[in-house]
Amino acid sequence: MPQTSFTIRTTGAGLYEFTTEVNEWVSGAGVRDGLCTLFLRHTSASLLIQENADPDVRRDLDAYFSRLVPRADTPAMDYLTHRCEGPDDMPAHIKAALLPVSLSIPLLRGRLGLGTWQGIYLFEHRDAPHRREVLAHIGG
């Protein structure tokens, strides 16, 4: 069973596409049909399948989740107690609790079974740059 990991370096909050890297790995794995599972090894980021044609979609998603779960230093979030890693940390954990940290994507004829406008994204919820690791596995 093929396995690998992907390292995604972020420069702050936002969506980072890594569809090409996963497709290249899948293409070289020699598996025609199966299931590709991706798992994020972090608690303050998420994985998403989302539109990859219009960058406004990524900006709007980031803006929406920032409004849904604002930083801990805003008055609406004064009930939060976990603040030792900064005002963006606990909100990042909340966002990661609301969004997936794993994805399952069917393989069809040796390629990811994504739709025309779908891409795979790491959704970074922290403000500072991070190095994120995504484990990947292909099963039959």
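The values are calculated or read from the model by the stated rules, or taken from the named source; none is laboratory data. It should be emphasised that the depicted structure is a prediction, and the values quoted were computed from it without experimental measurement. Neighbour counts run over all protein chains shown; Cβ positions are idealised from the backbone, glycine included.
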- Segments classed as strands (runs of 3 or more DSSP E), wholly inside region 10-66, with at least 3 members that are among the hydrophobic types (A, V, I, L, M, F, W, C): 34-40, 45-51
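Looking at region 81-112, which of the residues that are touching a Cys at 6+ places or on another chain (Cβ under 9 Å) and of a type outside the set (A, V, I, L, M, F, W, C) is farthest from Thr37 (Cα to Cα)? Explain how you work it out, then say what you get.
Narrowing region 81-112 to residues touching a Cys at 6+ places or on another chain (Cβ under 9 Å): 103-107, 112.
Checking the rest, the ones that are also of a type outside the set (A, V, I, L, M, F, W, C) come to 104, 106.
On the way: Ser104: 4, Pro106: 9 Å.
If we take residues in region 81-112 being touching a Cys at 6+ places or on another chain (Cβ under 9 Å) and of a type outside the set (A, V, I, L, M, F, W, C), then Pro106 is farthest from Thr37 (Cα to Cα).
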- Query: Before we move on, is Arg111 surrounded by 11 or more Cβ atoms within 10 Å (Cβ to Cβ), farther than 21 Å from Arg9 by Cα and basic (Lys, Arg)?
  - Reply: yes
- Task: From the list Asp127, Asp78, pick out the single residue that is within 21 Å of Gly14 (Cα to Cα) and acidic (Asp, Glu).
- Result: Asp127
- Filtering region 1-48 for residues that are out of contact with any Asp or Glu (no Cβ under 8 Å at 6 or more places or on another chain) and of a type in the set (Gly, Ala, Ser) leaves a count of 6
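If you scan region 89-117, which residues turn out to be β-branched (Val, Ile, Thr) and more than 14 Å from Ala29 (Cβ to Cβ)?
Ile94, Val101, Thr116
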- Query: Before we move on, is Leu99 at pLDDT 95 or above, closer than 17 Å to Glu21 by Cα and surrounded by 12 or more Cβ atoms within 10 Å (Cβ to Cβ)?
  - Reply: no
